[in-house]
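> First the structure, which I've put down as structure tokens, then a few questions once you've had a look.
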Amino acid sequence: MEKSTVINASSLGKSVIGPDGEIRILDAVEMTVNAGESVAIVGASGSGKTTLLGLLAGLDLPSRGDIHIAGEHLNALDEEARAALRAREVGFVFQSFHLLPALTAEENVALPLELAGRNEPGRAREVLESVGLGARCHHYPRQLSGGEQQRVALARAFVTRPRILFADEPTGNLDQNTGAQISELLFTLNHQYGTTLVLVTHDMTLARRCTRVFRLDNGRLFERAA
Ligand SMILES: Nc1ncnc2c1ncn2[C@@H]1O[C@H](COP(=O)(O)OP(=O)(O)OP(=O)(O)O)[C@@H](O)[C@H]1O
Ligand SMILES: [Mg+2]
């Protein structure tokens with residue numbers, strides 16, 4: 001793997017056993033992402049985008065093939081080592097946010113710092129301010145709108161300044177203005193800190209701002225010509 005390669009997937013496949021037998025969600029996926037790139041993954045609902053993101057981020061294990069992220073061979077790591085790698089290198093924005101309901105916005109955002117054993121007082125509040133939620137630090141997820149929860153999820157994903165930020169539909173539930181603000185924020189991270197972005201999106205304006213666009217079609221990945 002080249003030094004500047006941060007993600008490499010080869011012959012990647014994921015199958016699950018459904019009610020009617022094996023379902024090949026992903027098949028023979030090849031993907032290389034270099035440091036500092038921004039990459040969009042587009043495709044129809046059910047084409048495998050969320051599944052692919054979960055594999056690339058080390059949240060889920062492939063049925064076939066190999067994944068390297070940040071120079072580590074994911075397949076060779078046990079659950080604990082994968083969790084440590086994620087805590088160190090990866091931020092993830094889930095399609096359905098996955099905020100912890102018993103924690104305030106600020107506590108949700110501070111959690112990855114704690115998991116990584118980092119003590120950075122004020123950092124969680126600072127990133128919440130950067131997503132326009134300085135006044136919502138003490139709110140619980142149920143007291144926030146969908147778009148606000150999405151911004152908390154984004155703040156939580158980049159609070160550790162991860163090398164790679166994965167985001168599943170980061171602008172999906174937002175109005176156009178807020179969506180545009182979130183896009184700005186993502187590309188600011190990309191430009192200022194060299195954060196590699198891997199975004200799943202239906203938003204073609206967002207996709208076109210990325211350095212490369214991939215399309216998933218029935219579990220097969222194709223790179224689109226610019
Ligand atoms: N654990 C599972 N068991 C069975 N089928 C699954 C499982 N997870 C995903 N699938 C199926 O795999 C396919 C891909 O799902 P995935 O969530 O990756 O799609 P997606 O491209 O993210 O769709 P969307 O745009 O709607 O979010 C779907 O047909 C889904 O039903
Ligand atoms: Mg999805």
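The values are calculated or read from the model by the stated rules, or taken from the named source; none is laboratory data. These numbers come from a predicted model, not from an experiment. Cβ coordinates were reconstructed from backbone atoms using ideal geometry, including for glycine residues, and neighbour counts include every protein chain displayed. Quick note on the areas: whole protein, heavy atoms, side chains included, nothing else; ligands and nucleic acids left out. Shrake-Rupley method; radii C 1.70, N 1.55, O 1.52, S 1.80 Å.
> Determine the sum of side-chain charges near LEU206: Lys and Arg each +1, Asp and Glu each -1, restricted to other residues whose C-beta is under 12 angstrom from that of LEU206.
Surrounding charge for LEU206 is -1.
> When only alpha-carbon atoms count, how far does the range 1-120 stretch along each of its three principal axes, as whole angstroms with the largest first?
The principal-axis extents, from largest down, are 44, 39, 28 Å.
> Let me ask another. Can you give the accessible area of HIS139, probe radius 1.4 Å, in Å² rounded to 10?
Solvent-accessible area, nearest 10 Å²: 60 Å².
> Using only the alpha-carbon atoms, how far is helix 79-89 inclined from the longest principal axis of the chain? Give it as 0 to 90 degrees, nearest 10.
60
> Same structure, new question: At what distance in angstrom do the alpha carbon centres of the range 96-124 and the range 125-142 lie from each other?
11
> What percentage of the solvent-accessible surface of the range 103-184, computed with a 1.4 Å probe over protein heavy atoms, is contributed by carbon and sulfur atoms?
44
> Using protein chains only and a probe of 1.4 angstrom, how many square angstrom of LEU103 are accessible, to the nearest 10?
40
> Given 5 Å bins starting at zero, what is the percent of C-alpha pairs of the chain in each, up to the one with the largest pair distance?
Reading the bins upward from 0: 1, 7, 15, 19, 20, 16, 12, 7, 2, 0, 0.
> Next up: So what J values fall out for the range 129-141 if you push phi through Karplus, 6.51 cos²θ - 1.76 cosθ + 1.60 with θ = phi - 60°, rounded to Hz, Gly and Pro as x?
4, 5, 9, x, 10, x, 8, 10, 3, 9, 7, 8, x
> Counting only heavy atoms of the protein chains, get the accessible area per residue of the chain (1.4 Å probe) and round it to a whole Å² value. Walk me through the numbers on the way to the answer.
Details: 10800 Å² over 226 residues.
Here the residues of the chain average 48 Å² of exposed surface.
> I would also like to ask the following. Among DSSP beta bridges lying fully in the chain, give the percent that are antiparallel, nearest 5.
Restricted to the chain, the bridges split so that about 55 percent are antiparallel.
> Ratio of alpha-carbon Rg to the 2.2 N^0.38 Å globular estimate for the range 88-142, to two decimals, please.
Here the Cα radius of gyration is 1.10 times the empirical estimate.
> Still on this structure, I have one more. Most fluctuating residue of GLY58, GLY179, GLY117 in a GNM of the chain with Cα springs under 10 Å: which is it?
So, out of GLY58, GLY179, GLY117, the one fluctuating most is GLY117.
> Return the calculated 222 nm mean residue ellipticity for the chain, to the nearest 500 deg cm²/dmol, obtained by summing -39500 (n - 2.57) across DSSP H runs with n ≥ 4 and dividing by the residue count.
The per-residue figure over the chain is -10000 deg cm²/dmol.
> Note the angle between two axes, namely the Cα long axis of helix 105-115 and the longest principal axis of the Cα atoms of the chain, as a number of degrees from 0 to 90, rounded to the nearest 10.
Orientation of helix 105-115: about 60 degrees from the principal axis.
> Another question about this same structure. Amide H to amide H, which residues 5 or more places from SER63 or on other chains are under 5 Å from it, using H placed in the peptide plane?
Close amide H contacts, sequence-distant or interchain: GLY13, LYS14, SER15.
> OK, next. If you consider only alpha-carbon coordinates, what radius of gyration and Dmax does the range 10-64 have, in Å?
12.1, 42
> Let me ask something additional. Go from 0 up to the bin containing the longest alpha carbon distance in the range 124-226, width 5 Å each, and give me the % of pairs per bin.
The calculated distribution, bin by bin, is 2, 11, 23, 23, 19, 12, 6, 3, 1, 0.
> Then there's this: Most fluctuating residue of ALA116, ALA135, ALA157 in a GNM of the chain with Cα springs under 10 Å: which is it?
Greatest mean-square fluctuation among the candidates belongs to ALA135.
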